[in-house]
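Step one of this worksheet: look at the structure below.
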Amino acid sequence: MRKRRLIWVTTRMHIEVEEYPVWGDVVEFETWCQAEGKAGTRRDWLITDVASGKLIGRATSTWVMMNQDTRRLSRITDDVREEYVNHCPNLPRYAFPEENSSSLRKISKLQDPAQYIRSGLMPRRGDLDMNQHVNNVTYIGWILESIPPNLLDTHQLHRITLDYRRECRHGDTVESIASLESSDDGGHRENGSLKDSANGAAQRSFSTDNADSIEFLHLVRMANRDVEINRGRTVWKRKIEQTLR
């Protein structure tokens with residue numbers, strides 16, 4: 001890949017956490033990759049609590065190959081495929097094997113005006129990967145910046161899906177916007193009023209007293225331009241009291 005100036009770039013990532021570990025817990029991560037079409041690959045993860053053997057989290061992602069100089073997608077050549085095929089399972093294996101998995105849900109583009117806005121976000125040098133792109137963890141952080149603060153008092157992140165639409169580099173300025181999304185079963189809807197935050201962004205506080213599950217649509221875009229960088233969806237579940245084991 002280095003000889004051909006090829007790199008992997010993420011196109012989609014989906015993470016679900018059923019139960020968060022607490023201090024003293026020991027967890028095990030299992031991960032594997034496999035082919036995904038002619039021009040891509042996928043990597044899946046399983047997270048298990050070692051003491052109980054319970055599956056507490058899982059994730060999946062899809063990747064495509066890009067030419068580092070032209071920024072165009074490239075097919076996976078035979079010699080490149082041979083480099084990683086020995087690390088793939090003999091038979092297809094998926095972290096989300098069920099039909100109609102939440103990992104397959106499409107994410108619609110969030111339209112203005114959004115209910116929550118966090119502007120003035122800029123990548124730091126430590127946010128860049130070896131290819132000088134903003135790394136995946138930073139995108140998750142930007143998504144969470146647009147969540148209303150009072151939600152974090154009562155709910156925890158259960159599910160996050162990210163669709164990567166465009167590269168972001170050092171020196172770019174972006175904004176993160178979000179709006180409540182009605183769930184298929186008629187879940188939580190907007191209930192609150194606009195407030196002006198200290199940084200000039202519009203924040204909306206709302207009551208979460210009767211909402212066990214809350215969904216948000218997200219969009220990260222270039223500041224002052226309607227250029228998408230990332231689409232997202234988050235699902236939040238009411239916190240359950242945990243005791244140290």
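The values are calculated or read from the model by the stated rules, or taken from the named source; none is laboratory data. All figures in this text were calculated on a predicted structure; none of them were measured in a lab. Neighbour counts are summed over all protein chains in view; Cβ atoms, including those assigned to glycine, are modelled from backbone coordinates with ideal geometry. Protein only, heavy atoms only, side chains kept; ligands, DNA and RNA dropped before computing areas. Shrake-Rupley method; radii C 1.70, N 1.55, O 1.52, S 1.80 Å.
How much space per residue, in cubic angstrom, does the convex hull of the C-alpha atoms of the stretch 50-173 take up?
218 Å³
Taking the accessible area of the chain, probe 1.4 Å, and keeping the other protein chains in place, the carbon and sulfur fraction comes to 49%.
What is the extension gain from Leu73 to Met1, computed as 0.36 nm multiplied by their sequence separation minus the C-alpha to C-alpha distance, in nm to one decimal? Walk me through the intermediate numbers first.
Details: separation 72, 0.36 × 72 = 25.92 nm, distance 1.33 nm.
Length gained, Leu73 through Met1: 24.6 nm.
For the stretch 1-76, applying the loop criterion from DSSP together with a ceiling of 14 other beta carbons within 10 Å to the chymotrypsin sites (Phe, Trp or Tyr not before Pro) yields Trp23. Within straight-line reach of Lys109, meaning a Cα separation under 16 Å, sit the following aspartates and glutamates at least 8 residues removed in sequence or on another chain: Asp163, Glu175, Glu181, Glu215, Asp226, Glu228.
Name the shape class, rounded, prolate or oblate, that the alpha-carbon gyration tensor gives for the stretch 1-78, where a ≥ b ≥ c are the square roots of its eigenvalues, rounded holds for a/c under 1.5, and otherwise prolate holds if a/b is larger than b/c and oblate otherwise. Let's see the in-between values first.
Numbers: a/c = 3.15, a/b = 3.03, b/c = 1.04.
Prolate, because a/c is 1.5 or more and a/b exceeds b/c.
Proximity of backbone amide H atoms, modeled 1.01 Å from N, is registered between Trp32 and Asp44 at under 5 Å, excluding neighbours fewer than 5 places apart on the same chain. Solvent exposure of the stretch 15-134 amounts to 64 Å² per residue of accessible area, where only protein heavy atoms count and the probe is 1.4 Å. Backbone phi angles across the stretch 10-24, fed through the Karplus curve with coefficients 6.51, -1.76 and 1.60 (θ = phi - 60°), yield HN-Hα couplings of 7, 10, 7, 9, 9, 10, 10, 10, 7, 8, 7, x, 10, 4, x Hz in residue order; Gly and Pro are listed as x.
Taking N as the residue count of the chain, its C-alpha radius of gyration divided by 2.2 N^0.38 Å amounts to 1.09. The phi torsions of the stretch 77-93, fed into the Karplus equation with coefficients 6.51, -1.76 and 1.60 and a -60° offset, translate into couplings of 6, 4, 5, 5, 4, 5, 5, 10, 4, 5, 9, 8, x, 5, 10, x, 9 Hz, rounded to whole numbers, with Gly and Pro shown as x.
Past the 25 Å Cα-Cα mark, which pairs from Lys3/Lys106; Lys54/Lys106; Lys38/Lys106? Spell out each step's value before the answer.
On the way: Lys3/Lys106 36 Å; Lys54/Lys106 29 Å; Lys38/Lys106 22 Å.
Pairs exceeding 25 Å: Lys3/Lys106; Lys54/Lys106.
Taking a Cβ cut-off of under 15 Å around Ser74, the surrounding Lys, Arg, Asp and Glu residues balance to a net charge of +4, with basic ones at +1 and acidic ones at -1.
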